[in-house]
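A short write-up of the structure that comes next.
The values are calculated or read from the model by the stated rules, or taken from the named source; none is laboratory data. Remember, predicted model here, so these are calculated numbers, not experimental data. Here the Cβ positions follow ideal geometry from the backbone for every residue, glycine too, while neighbour counts run over all protein chains shown. These area figures cover heavy atoms from the full protein model, side chains too; ligands, DNA and RNA do not enter into them. Shrake-Rupley method; radii C 1.70, N 1.55, O 1.52, S 1.80 Å.
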Amino acid sequence: MTNPYTAPIPPAPRPPDARPLRKRALVWLGGSALFLTGVLIGSTGDAEQQPVEAKVRPATTVTATATTTATPEPAPTVTETVKVKAKPAPTVTVTRTAAARVAGAGGGSGGTGGSGGSGTTSRTGTCSIVSNAGNCYSAGQFCRNSDHGAVTSTASGTTIKCVYSANAWRWTAA
């Protein structure tokens, strides 16, 4: 058992570099070879450059002037006609909804002992705007871009309007 009040024994120090001289010499040889290769590659790019002379010699310039006057022939004039197409204006369609009545199957008293009642039911709503699938819209559904601000009714007859609400265009009760 070791004493907890004494300091631990430090590890033994690493011995000095014991690599043989031949391995160290190979490292120096490899480094020198890379350096010389870089110098040779860098010096080959200077072959196209010309040495700078201390004295600058002016270059001779020859200027020739011809004095002939020629009148050019007039060129034909080209005119291009562009037809502008008018952008179509938005089309507003107003649709009125009429209440339809659907006749039921029985109209009078029952012949089999059942109680008599009204055999007609009334369907008050017909939707004038339908989805791409052909279904009536209901409140809370998203509106198409073409339906913004439009008013229609649900399948049950409740009037709904396409308004901007909660960062989206939705059908809400009107």
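Values for this structure:
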item: Hits in segment 131-152 - residues which are over 28 Å from the mean Cα position of the chain (by Cα) and surrounded by 12 or more Cβ atoms within 10 Å (Cβ to Cβ); result: Cys136, Tyr137, Ser138, Ala139, Ala150, Val151, Thr152
item: Subset tally (residues that are open to solvent by less than 50 Å² (accessible area, probe 1.4 Å) and either out of contact with any strand residue (DSSP E or B) (no Cβ under 6 Å at 6 or more places or on another chain) or without any contact (Cβ under 8 Å) to a residue 40 or more places away in the chain (or both)) for segment 153-174; result: 9
item: Options Ser128, Ser122, Ser118, Ser138; residue that is at pLDDT below 75 and in a loop (DSSP other than H, G, I, E, B); result: Ser118
item: Near pairs, Cβ below 9 angstrom, 6+ apart or cross-chain, from segment 81-105 (at pLDDT below 70) to any residue that is open to solvent by 100 Å² or more (accessible area, probe 1.4 Å) and of a type in the set (D, E, K, R); result: Ala99/Arg123; Ala100/Arg123; Arg101/Arg123; Val102/Arg123
item: Residue list for segment 11-23, filter: open to solvent by less than 100 Å² (accessible area, probe 1.4 Å) and at pLDDT 75 or above; result: Ala12, Pro15
